[in-house]
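Structure first, commentary second.
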Amino acid sequence: MHAPVDVVILAAGKGTRMKSAVPKVLQRLAGRPLLGHVIGMARSLAARATVVVTGHGAEAVEAALPSLADGLPLRTVRQQPQLGTGHAVQQAMPWLADDGVTLVLSGDVPLTRPQTLAALLAAQAAGGPDALALLTVDLPDPHGYGRMVRNPAGAVLAIVEEKDATDEQRGITEVYSGILAAPTDRLRRWLARLDNRNAQGEYYLTDVVRYAVADGVPVVAHRVTDAVEVAGVNSCAQLAALERAYQQRVAQALMAQGVRLADPARLDVRGELVCGQDVEIDVNCVFEGRVVLGDGVRVGANCVIAHATVEAGAVIHPFTHIDGEAAGVVVGAQARVGPFARLRPGARLGPAVHVGNFVEIKNSTLAAGAKANHLAYLGDATVGERVNYGAGSITANYDGANKHRTVIEADVHVGSNCVLVAPVTLGAGGTVGAGSTITKDTPAGALTVARAKPVTIPNWRRPAKRKP
Ligand code: UD1
Ligand code: CA
């Protein structure tokens, strides 16, 4: 039986090397703040309590927390000033009960797998009720990390920070990940003994290892093989490298599942991409939020698709931008969209709809077989089956104060360059002549032409240019 697990997330540090006004833990990886990834770990562990230590940029970090927590109860404590990782954990201690095990996570180490944390907790439990467990990894380039100092028999003696290390210690390739698990009562007593007599003048959390060793408590190192799992983000270069590593994993998983990626190195998934069978994705596509691609969907090069469902057999041609935001976008089965199309929130395309180049659709439903092939705008419209919506036509859906609906019934043909001034309904099977401005409902089956009367002024001279 495990002791209850309480999580402390360290998110108060400055992240000086990012040279950003945005706190480091709010920098984005795969479209999500680093801290969001770490909170996700606490959620997956079903922790009893989760305490987030804020400090640098605390207002911004705390303001972001409700959306990052997504329902997970979090307590925040401020660390002011920021005197080191040990000092940070000290701030959280009043909120942690002695009967638990505390798992310390770093707000800047975003990609640890839940199974790895579970294994660390199991290693802690296996070491006995007092054991301290550290997550470690071997790095070919350990620069910047705390090194694991062991005795000749292999027992852990201490963690030495890069700046405090001797040349010999800098040669150690096993590093501390920033993640540890310890019985809370023990941790509380070790933290009370910390001092800041070191190269950085900080209270190092890593010094608890020395105290554990001095107390004769078992110190276990749980060593992982995948450096990505424990990689910390301290610079823009590390953030970018981790982003690539993450995207490569996503690409490999998609291909393993049968998705045909033209180039796994040129795909970015910033959310959840769910694919059916025989999906093909060309280069340089970006997916955001939850995107579902049905069986046989093809996505051309350079598309951005966010918060959308694309049903079976639909084709998204190159350079298409789809963003459903909260309302979502649906592209029906066998539909064709793009190139250069823009689908905005609430665009719902039925089966076999065609939307061509430079067509923008917002909060509109297009029924089966409707077509808007060139240079057009449909906003707040209900478009019937087989409607043909001509080039250059727009819905004037906004009167400056309110939005109004345009209803285009089945089989209507709207000629080129029409303005449909909403609210307005075009009756089924009717035709609207090119260049019409429609301000009144049109009858079913009729031809309606509504153009301004041509004006011709004979012998008209252009005004002469004024001399400057
Ligand atoms: C820390 C470890 C190092 C380890 C590395 C792994 C210490 C002393 N060193 O070093 O052994 O190899 O992580 O990534 O723990 N933070 C606070 N308050 C502070 C200082 C930091 O909350 O006063 C937070 C930061 O926001 C960050 C985390 O603690 O999320 C780690 O701090 P950072 O300064 O990045 O430590 P490292 O030098 O990377
Ligand atoms: Ca760090």
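Readers should treat all values here as calculations from the given coordinates under stated rules, not as data from a laboratory. This one's a predicted model, so the numbers in the text were calculated from it and none came from an experiment. Note: ideal-geometry Cβ built from the backbone for every residue, glycine included; neighbour counts use all protein chains shown.
Numbers for the structure displayed
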| quantity | calculated |
| --- | --- |
| Near pairs, Cβ below 7 angstrom, 6+ apart or cross-chain, from the range 261-275 (without any contact (Cβ under 8 Å) to a residue 60 or more places away in the chain) to any residue that is in a loop (DSSP other than H, G, I, E, B) | Ala262/Asp282; Ala262/Val283; Asp263/Val283; Arg266/Val283; Arg266/Asn284; Cys275/Gln257; Cys275/Val259 |
| Qualifying positions in the range 75-90 - of a type in the set (A, V, I, L, M), within 15 Å of ligand 2 (Cβ to nearest atom) and closer than 20 Å to Glu59 by Cβ | Ala88 |
| Some residue of the range 183-195 being among the basic types (Lys, Arg), more than 13 Å from ligand 1 (Cβ to nearest atom) and over 25 Å from Ala119 (Cβ atoms) | yes |
| Candidate set: the range 261-273, residues that are in a strand (DSSP E or B) and among the charged types (D, E, K, R); chosen: the one nearest to ligand 1 (Cβ to nearest atom) | Arg270 |
| Test: residue in the range 107-122 that is more than 28 Å from the chain's Cα centre (by Cα), on the phi < 0 side of the Ramachandran plot and surrounded by fewer than 17 Cβ atoms within 10 Å (Cβ to Cβ) | yes |
| Those helices (runs of 4 or more DSSP H) lying entirely in the range 20-136 with at least 3 residues more than 17 Å from Pro4 (Cβ to Cβ) and free of Cβ contacts under 8 Å to residues at least 24 places away in the same chain | 58-69 |
| Near pairs, Cβ below 9 angstrom, 6+ apart or cross-chain, from the range 145-166 (without any contact (Cβ under 8 Å) to a residue 40 or more places away in the chain) to any residue that is of a type in the set (Phe, Trp, Tyr) | Arg147/Tyr176; Glu162/Tyr145; Asp164/Tyr204 |
| Selection status of Asn417, among the polar types (S, T, N, Q) and surrounded by 15 or more Cβ atoms within 10 Å (Cβ to Cβ) | yes |
| Subset of the range 147-161 [away from ligand 1 (no atom under 16 Å from the Cβ) and either closer than 15 Å to Leu135 by Cα or aliphatic (A, V, I, L, M) (or both)] | Ala153, Ala155 |
| Residue count, the range 134-162 (criterion: out of contact with any strand residue (DSSP E or B) (no Cβ under 6 Å at 6 or more places or on another chain), under 23 Å from Ala214 (Cα atoms) and surrounded by fewer than 19 Cβ atoms within 10 Å (Cβ to Cβ)) | 5 |
| Condition met for Val51 (of a type in the set (Val, Ile, Thr), surrounded by fewer than 22 Cβ atoms within 10 Å (Cβ to Cβ) and more than 19 Å from the chain's Cα centre (by Cα)) | no |
| The range 272-287, subset in contact with a helix residue (DSSP H, G or I) (Cβ under 9 Å, 6 or more places away or on another chain) and aliphatic (A, V, I, L, M), residue surrounded by the most Cβ atoms within 10 Å (Cβ to Cβ) | Ile281 |
| Qualifying residue in the range 374-393 (condition: more than 31 Å from the chain's Cα centre (by Cα), surrounded by fewer than 20 Cβ atoms within 10 Å (Cβ to Cβ) and without any contact (Cβ under 8 Å) to a residue 24 or more places away in the chain) | yes |
| Count of residues meeting criterion [within 15 Å of ligand 1 (Cβ to nearest atom) and either surrounded by 16 or more Cβ atoms within 10 Å (Cβ to Cβ) or free of Cβ contacts under 8 Å to residues at least 12 places away in the same chain (or both)] in the range 228-260 | 13 |
| Extreme residue, nearest to Gln238 (Cα to Cα), among residues of the range 108-139 that are within 14 Å of ligand 1 (Cβ to nearest atom) and of a type in the set (D, E, K, R) | Asp108 |
